1. In sequence order, what are the phi-derived ³J(HN,Hα) couplings for the stretch 81-87 according to the Karplus relation 6.51 cos²θ - 1.76 cosθ + 1.60 with θ = phi - 60°, rounded to whole Hz, with x for glycine and proline?
2. For Gly185, enumerate residues with amide H under 5 Å from its amide H, sequence gap 5+ or separate chain, H modeled in the peptide plane.
3. Read through the labelled values (i) 0.94; (ii) 1.07; (iii) 0.97 and report the label of the one computed as Rg/Rh (Cα atoms, Kirkwood Rh) from the structure.
4. For the pair Tyr230 and Val9, how long in nm is the line joining their label points, each one 7 Å along Cα→Cβ?
5. One-quarter of the Cα convex hull surface for the stretch 1-63, in nm²?
6. If we sort 17-24, 263-270, 87-94 on the protection proxy, mean other Cβ atoms within 10 Å, highest first, what's the order?
7. Rank-order 76-84, 141-149, 271-279 by packing density, defined as the average count of other C-beta atoms within 10 Å over each peptide's residues, highest first.
8. Summing -39500 (n - 2.57) over the DSSP H runs of n ≥ 4 in the chain and dividing by its residue number, what mean residue ellipticity at 222 nm do you reach, to the nearest 500 deg cm²/dmol?
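The values are calculated or read from the model by the stated rules, or taken from the named source; none is laboratory data. Keep in mind the model is a prediction, meaning the values are calculated, not measured. Here the Cβ positions follow ideal geometry from the backbone for every residue, glycine too, while neighbour counts run over all protein chains shown. We work out accessible area using only protein heavy atoms, side chains counted, and drop any ligands, DNA or RNA first. Shrake-Rupley method; radii C 1.70, N 1.55, O 1.52, S 1.80 Å.
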Amino acid sequence: MQQVDLKTVFASSKVMQNEPLGNYTNTKTGGPADWLAFPESRAEVAKFVDFARLHEMPLTVIGNASNLIVRDGGIRGLVLILTQMKTITVTGNTVTADAGAALIDATEVAYRHSLTGFEFAAGIPGSVGGAVFMNAGAYGGEVKDIVSSVDVLTRAGEFVTYPAEEMAFGYRHSLVQTTGDIVVGASFTLVPGEATTIRAKMDDLNARRAAKQPLELPSCGSVFKRPEGYFAGKLITDSELRGYTSGGAQVSTKHAGFIVNVGEATATDYLAVIHHVQETVFAKFGVHLETEVRIIGDN
């Protein structure tokens with residue numbers, strides 16, 4: 001990788017060097033990015049992608065870093081955070097959002113236009129791009145149920161729009177996890193409804209989240225995928241792991257499917273808790289808990 005000064009090359013963009021990613025992750029942990037940039041448009045993303053390819057620079061794209069653990073060694077090359085790309089528009093029954101728009105904001109826009117179908121995502125603290133990447137879901141709904149098309153930028157620098165049926169959506173999976181394409185926006189087709197009914201459902205789901213999940217502490221959300229025939233949280237609880245702590249990371253006493261930062265945790269602490277939980281649950285029940293959270297970066 002050639003040594004270049006991105007602040008000089010992209011003088012009109014927000015670019016930072018050796019920036020700790022713990023300043024942006026929901027866990028408040030994570031080592032530094034060699035270079036961190038916040039593009040404000042699809043064209044600007046394309047310029048960064050083209051530059052990284054031409055200079056053989058590793059490129060990592062993250063949403064708002066809610067369902068993410070960045071190892072303490074940080075990330076080499078260039079990291080793009082897309083949260084400055086946050087426009088949301090409505091045409092008829094379709095909500096279209098930039099990748100960096102907060103998923104919660106998209107649900108609020110749908111509500112204000114009396115469109116139903118997005119309520120399940122009312123409390124999911126991710127970006128639209130991250131939600132598409134992960135096929136995020138909760139309370140019986142998933143992104144795949146409402147998405148109609150996804151706009152991506154390929155690593156070769158080409159803009160492509162995929163209809164939903166080509167996105168290979170599965171449980172916490174989508175096509176872009178295997179292609180490396182960068183989600184830059186998505187459209188969601190909803191159904192007309194009653195605003196009061198939509199609001200009531202959103203408020204109910206948010207109240208249920210607040211009652212069951214440790215929203216008062218930093219976390220990366222639900223850490224493990226649901227094993228077939230089981231619930232991760234119950235397996236962890238039945239393994240007597242609620243409250244298990246390594247450093248500043250702890251299995252939540254409120255919801256065992258969450259690992260929370262109880263004070264100055266590092267990513268290494270988080271990974272130690274994850275590995276201990278996996279080993280203990282496997283030893284007790286013979287079930288391997290696969291992580292839902294995305295784990296990236298250098299040790």
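1. Taking θ as phi minus 60°, the curve returns 10, 9, 5, 7, 9, 9, 5 Hz for the stretch 81-87.
2. Ala99, Asp151
3. The value matching this structure is (iii).
4. 4.6 nm
5. Working: hull surface 17.4 nm².
Value for the stretch 1-63: 4.4 nm².
6. Result, highest mean first: 263-270, 17-24, 87-94.
7. On the way: 76-84: 21.3, 141-149: 19.7, 271-279: 18.0.
Put in order of decreasing packing, that is 76-84, 141-149, 271-279.
8. Values: 8 runs with 82 residues, N = 299.
When only DSSP H runs of four or more count, the value is -8000 deg cm²/dmol.
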